[in-house]
Amino acid sequence: MGAMAILRLALVFSIFTSLSLTRSSPSPSPQLQIVNAERRIDLNSHIVKVFLTLKVENIGESPASEVLLAFSPTEADHLALVKAAAVASKKKKKSYLPLDVKPINLVDGPNGTKYYLVYLLKPLVKGEAISLEVLYLLTHSLEPFPVEISQSESQLVYYRDSAKILSPYPIKQQATFLKAPTSRVESFTRVEPTDRANTELRYGPYEEQRPYSYSPVIVHFENNNAFAVVEELVREIEISHWGSVQVTEHYKLVHAGARHKGVFSRVEYQSRPSHSGVSSFKHLLAELPPRVHSVYYRDNIGNISSSRLRTNRKKSELLIEPRYPLFGGWKSTFVIGYGVPLEDFLFEAADGTRYLNYSFGCPLGQTVVDKLTVKVVLPEGSKNPSAVVPFPVEQRFEKKYSYLDVVGRTVVVLEKENVVPEHNSPFQVYYQFSPIYMLAEPLMLTSVFFLFFMACVTYLQVDLSISKIKQT
């Protein structure tokens, strides 16, 4: 009887354990399968761009309205952006319908797998298939090796990934393509079938792959593109209802590639530009709004004249050159400031609410921003501020006192990490403002001058001389 009781308790415990694991494990829809998957990885810059094409089919009985995307923990740590779109074909023309993509926490994923959920526009019924285009960007995913190079050496980097696409669904057929910037590929892992043609590597095609298949690969190749990383960018946008918006940007820039070793030779750098310092960069291009004015560019020493500004109706381009070229590990700190017309970026809604419509992100092309802080300084007297940003950001409020301020100005602070050029999309800051507050500063100045005038008149009318007392 004792043995039977123990056996029953063990059986109940095993059933309870299996139920607990079932509840805590990720639950991708078992009724979906990927008929065909193609992944193209662009390694031409230090921002890795991955284009993933999926044909998803519903083989189950119930409709499916969501598709899971799986990422390894390393990819998730460096993931900057994920976008998805449904492909619709009409008369041999493709159109793309944007889909909502949001991260989702599913516990006990295999080896710490992270997930994103793609919401379909309409449920996928049994036997129906849909084609999805997914774009995701990875930052800080290229590892320089060797970690230090001299001025005359080229930069070599490692890229680590999987030859097979990580997915919670079975994949009937798949292939992965890697595009390097040059044909110099020192080594790469082979997972047959593997082919190489000039600058492109192909892994696959692989057929009938089970869920969560993973085959790690390492590619060692040459990449001399500028590894421009802004460690911290603080942008202050100050709104003045008197006619302009003033923007000030503080940069902490670093070359995040292989560190420079040895002595820097300016003569060699100038005389052999195609061989000396090929992985360094000496200028950056900032894309500013049209109709900018009062543009300046300076560092801690002072104003830097080595900059060129080109403007047209659509945009303005500021080509800036630091005081010295940047090699791996070198840093530069500078400030860019400019003004733009108020009517180009400040608007009024039907209910009287005013809102600023400006671009988020960094104006420097092909640059990663580790931490971006956007501060929108509202006019004094503004009420009920709120921000609308097309992606998750941290938001808080501050107070700032400027010239002639009495109660201070409300500052909307937006913070985001791991920012890439694709984050340069418009955002809005809404607030309520009464025009009567525009008279506060003129009235204050008028009152000060009036009191000063009255003080002067009183001083001139009062006899402060000391007269002698007549003695009798």
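The values are calculated or read from the model by the stated rules, or taken from the named source; none is laboratory data. Everything quoted here is computed from the prediction, not taken from an experiment. So basically every Cβ, Gly included, is an ideal-geometry build from the backbone, and we count neighbours across all protein chains shown. With ligands, DNA and RNA removed, areas are computed over all heavy atoms of the protein, side chains included. Shrake-Rupley method; radii C 1.70, N 1.55, O 1.52, S 1.80 Å.
Calculated on C-alpha atoms, the gyration radius of region 97-157 divided by its Kirkwood radius gives an Rg/Rh of 1.22.
Whole-Hz Karplus values for region 191-204 come out as 10, 4, x, 10, 10, 10, 9, 6, 9, 10, 10, 10, 10, x Hz, taken residue by residue from phi with 6.51 cos²θ - 1.76 cosθ + 1.60 and θ = phi - 60°; glycine and proline positions read x. Couplings for region 243-249, taken from phi via the Karplus curve 6.51 cos²θ - 1.76 cosθ + 1.60 with θ = phi - 60°, read x, 8, 10, 9, 10, 10, 10 Hz in order; Gly and Pro are left as x. Near Ser215, the amide H atoms lying under 5 Å from its own belong to Ala163, Lys164; only residues 5 or more places off or on other chains count, and H is placed 1.01 Å from N.
Using only C-alpha atoms and all pairs of different ones, pull out the Kirkwood radius for the chain in Å with one decimal. Evaluated over the chain, this radius sits at 27.2 Å.
Of all the accessible heavy-atom surface of region 154-222, with the other protein chains kept in place and a 1.4 Å probe, what percent is carbon and sulfur? After summing per-atom areas, the C and S share lands at 46 percent. Compute the angle between helix 440-461 and the longest alpha-carbon principal axis of the chain, please, reported from 0 to 90 degrees and rounded to the nearest 10. Taking the Cα atoms of the chain, the angle to 440-461 is about 20 degrees. Percent of Cα pairs in region 36-186 per distance bin of 5 Å, from zero to the largest separation: 2, 8, 16, 19, 19, 14, 9, 6, 4, 2, 1, 0, 0.
What a 1.4 Å probe finds exposed on region 245-400 is 50% carbon and sulfur by accessible area, rounded to a whole percent. Taken along the Cα-to-beta-carbon direction at a fixed 7 Å, the label points for Lys331 and Lys83 span 3.3 nm. When the alpha-carbon atoms of region 191-324 are used, the pair Rg, Dmax equals 22.4, 67 angstrom.
Here each label is just a point 7 Å from Cα along the line to Cβ, and for Ser274 and Gln395 those points are 5.4 nm apart.
Near the amide H of Glu128, within less than 5 Å, lie the amide hydrogens of Asn58, all on another chain or at least 5 residues away, with H placed in the peptide plane. Each Cα pair under 8 Å and six or more residues apart adds its sequence gap; the mean of these over the residue count of region 233-357 is a relative contact order of 34 percent. Which angle from 0 to 90°, rounded to the nearest 10, does the C-alpha axis of helix 2-24 make with the longest principal axis of the chain? That works out to roughly 50 degrees. Once the 1.4 Å probe is applied to the protein heavy atoms, the chain comes out at 56 Å² accessible per residue. Per-residue ellipticity at 222 nm from helix content only, as computed over the chain with -39500 (n - 2.57) for each DSSP H run of at least four residues, stands at -4000 deg cm²/dmol. When the listed pairs Lys164/Lys375; Lys94/Lys164; Lys55/Lys371; Lys90/Lys172 are checked against a 31 Å cut-off, the alpha-carbon distance exceeds it for Lys164/Lys375; Lys55/Lys371. Rounded to the nearest 5, what % of the DSSP beta bridges within the chain are antiparallel ones? Beta bridges within the chain, antiparallel portion: roughly 90 percent.
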